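Engineer: Submitted below is the structure of interest, expressed as structure tokens.
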Amino acid sequence: MSGDAIVSDELAKKFATEKETPYTRWVADEGLDIISAFYVRNLHTVELKPWARRGGRGVFINHDASRTSNDCYVCEIPAGGKLAPQRQLFEEMIMILDGTGSTTVWNDAGKKVSFEWQKGALFAIPLNAWHQHFNGSGQAPARFVSVTNAPPVMNLYEDEAFIFNTAHDFAGRFNGEPDYFSDPGEQQGLLLRTNFVPDAVNLPLIAAKERGAGGGHIRFNMARGSMNSHISQFPIGTYKKGHRHGPGAHVIVLSGEGYSLMWPEGEEPRRYDWEVGTMIVPPNMWFHQHFNTGKTPARYLAFKHESVSIRNAQGVPKAWISRRIGGDQIDYADETPAVRSLFADALARNGLESRMETVYEAEKADLPEWQAKAAS
């Protein structure tokens, strides 16, 4: 069974005009490409094109399945240079891939805040606030990856002047607070409310045994927006539980090496090897599972838009809940034998052994019984 559902050219032509949207036309008008793959081996080296309006270089990375919810782009600031000032009626979260520099944010009331960043920094742009990025090095370009919810905004209004040049301060989002990007924020459960993380690669995490393998996890709400992100880490010789969720999660590897399996229900898993800088975008409701085969803990950042989260009546993401009781996470006890043999082979090639036996045993104590509805 194939999940691609490819039809005849004749039928495809009948819907050709609906494939393009105001958003995709805008990207084309910017002179940039959209990489529609759901796997990019390395964001640090992905090819960019001149981006005249921003004054740098860029490329959009947006799988068809997520193109109407949120998007992703990589942008480069030239050595000794800066990007053009911009404001926008959509939200944006940024992680610095390479380089050092600074960003200035200001509103129409004239309140201005500046902060410095380096590789690994994570921050958000307040809604409709003016902002400008500066490269702190005169020798090398700086590069960042950004996820925004521009597609639905572009598709709704189809008016660049309105989206990029509306004079309105959202004071509840940003009012020129001097400590806006220096306040460490407030931790509530797994959620950290903050506007700036100086080093996402080494940020302390919170234990999250529910995802398996003794890993750590932290979730973010930044700039009081609806965009969200999280960081997960898992130890050497281990792997996460397989799960699925809605579209739009852009998973960026921050440390370690390994691979991910992805598959639509009913099909065989497909393998995607990763390293620092790899990005994987699981298509809508595809199962995916991440495996650490390196000699250090593996950590990734997942950018997405909250509207795609599928939750139960208690507000818990179904990707955290066992399929045995109606969730979208596969317990270790229910995975196929091929998952474990593939993992053992990958570890052996690196001279490592699996540390999963104790994890399998520990799961048994909390393993729920299959509910009839979930099993059917």
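The values are calculated or read from the model by the stated rules, or taken from the named source; none is laboratory data. This is a predicted model, so every value here is computed, not measured. As a convention, Cβ positions derive from the backbone with ideal geometry for all residues, glycine included, and neighbour counts pool all protein chains shown. Just the protein is used for accessible areas: all its heavy atoms, side chains included, with ligands, DNA and RNA removed. Shrake-Rupley method; radii C 1.70, N 1.55, O 1.52, S 1.80 Å.
Engineer: Tell me the mean residue ellipticity at 222 nm calculated for the chain from its helices only (DSSP H runs of n ≥ 4, each -39500 (n - 2.57), averaged over every residue, nearest 500).
Structural biologist: -3500 deg cm²/dmol
Engineer: Kindly identify the range 60-119 as rounded, prolate or oblate by the Cα gyration tensor criterion: order the square roots of the eigenvalues as a ≥ b ≥ c, call it rounded if a/c is under 1.5, otherwise compare a/b with b/c, prolate if a/b is larger, else oblate.
Structural biologist: oblate
Engineer: Just add up the charged neighbours of Q86: K/R +1, D/E -1, any other residue whose Cβ is under 9 Å from the Cβ of Q86.
Structural biologist: +3
Engineer: Rounded to the nearest 10 Å², what accessible area does E116 have for a 1.4 Å probe in the complete protein model?
Structural biologist: Counting only protein heavy atoms, the figure is 150 Å².
Engineer: Take the Cβ-Cβ distance between S226 and E357 as r, set R0 to 35 Å, and report the resulting FRET efficiency rounded to the nearest 0.05.
Structural biologist: Taking R0 as 35 Å, the efficiency between S226 and E357 is 0.25.
Engineer: To continue, here is another question. Using the Cβ atoms and a cut-off under 11 Å, what net charge is assigned to the surroundings of D183, where Lys and Arg are +1 and Asp and Glu are -1?
Structural biologist: Overall, the nearby charge balance is -2.
Engineer: Over the chain, what relative contact order in percent results from Cα pairs under 8 Å that are six or more residues apart?
Structural biologist: Contact order relative to length: 14 percent.
Engineer: Order Y332, Y157, most accessible first, counting only protein heavy atoms with a 1.4 angstrom probe.
Structural biologist: Y157, Y332
Engineer: Also, quick follow-up: Testing the spin-label approximation: label points 7 Å from Cα along Cα→Cβ at E267 and A313. State their distance in nm.
Structural biologist: According to this spin-label approximation, the distance is 3.5 nm.
Engineer: Shape call for the chain from the C-alpha gyration tensor, a ≥ b ≥ c root eigenvalues: rounded (a/c under 1.5), prolate (a/b greater than b/c) or oblate?
Structural biologist: prolate
Engineer: A further question on this structure: Run down the aspartates and glutamates and flag those whose C-alpha is under 12 Å from the C-alpha of K119, throwing out any fewer than 8 positions away in its chain.
Structural biologist: D98, D199
Engineer: By its C-alpha gyration tensor, with a ≥ b ≥ c as the square roots of the eigenvalues, how is the range 223-272 shaped: rounded for a/c under 1.5, else prolate for a/b larger than b/c, else oblate?
Structural biologist: oblate
Engineer: Can I ask one more? By how many nm would the segment from T296 to D29 lengthen if fully extended, with 0.36 nm per residue of separation less the alpha-carbon distance?
Structural biologist: My answer for the length gained is 91.8 nm.
Engineer: Taking the full set of protein chains and a 1.4 angstrom probe, give the accessible area of R53 in square angstrom, rounded to the nearest 10.
Structural biologist: Here the residue's solvent-accessible area equals roughly 90 Å².
Engineer: How much length, in nm to one decimal, is gained on full extension between L190 and E116, taken as 0.36 nm per residue of separation minus their Cα-Cα distance?
Structural biologist: Extra length from L190 to E116 when fully extended: 24.0 nm.
Engineer: Oh, and also: Scattering from the C-alpha atoms of the range 188-364 alone, worked out with Debye: what is log10 I(q)/I(0) at q = 0.18 1/Å?
Structural biologist: Taking Cα atoms of the range 188-364 as identical point scatterers yields -1.28.
Engineer: Residue by residue through the range 274-286, which ³J(HN,Hα) values in whole Hz follow from phi under the Karplus form 6.51 cos²θ - 1.76 cosθ + 1.60 (θ = phi - 60°), with glycine and proline marked x?
Structural biologist: 9, 8, 4, x, 5, 10, 10, 10, x, x, 3, 6, 7
Engineer: Which cross-chain or sequence-distant (5 or more) residues have an amide H under 5 Å from the amide H of R311, H modelled 1.01 Å from N in plane?
Structural biologist: Residues meeting the amide H criterion: K318.
Engineer: Also, I was wondering about something else. Under a 5 Å amide H to amide H cut-off, with H placed in plane at 1.01 Å, what residues pair with I206 once short-range neighbours are removed?
Structural biologist: Answer set, sorted by chain and number: H217, I218.
Engineer: Over the chain, with a Gaussian network built from C-alpha contacts below 10 Å, which listed residue (N202, N228, N149) shows the highest mean-square fluctuation?
Structural biologist: Top of the fluctuation ranking is N202.
Engineer: Where does the charge balance sit around G120 when Lys and Arg score +1, Asp and Glu -1, over other residues with C-beta under 11 Å from its C-beta?
Structural biologist: With Lys, Arg at +1 and Asp, Glu at -1, the net is 0.
Engineer: Please tell me the relative contact order of the range 240-357 in percent, rounded to the nearest whole number, where contacts are Cα pairs under 8 Å and at least six residues apart.
Structural biologist: Relative contact order for the range 240-357 comes out at 30 percent.
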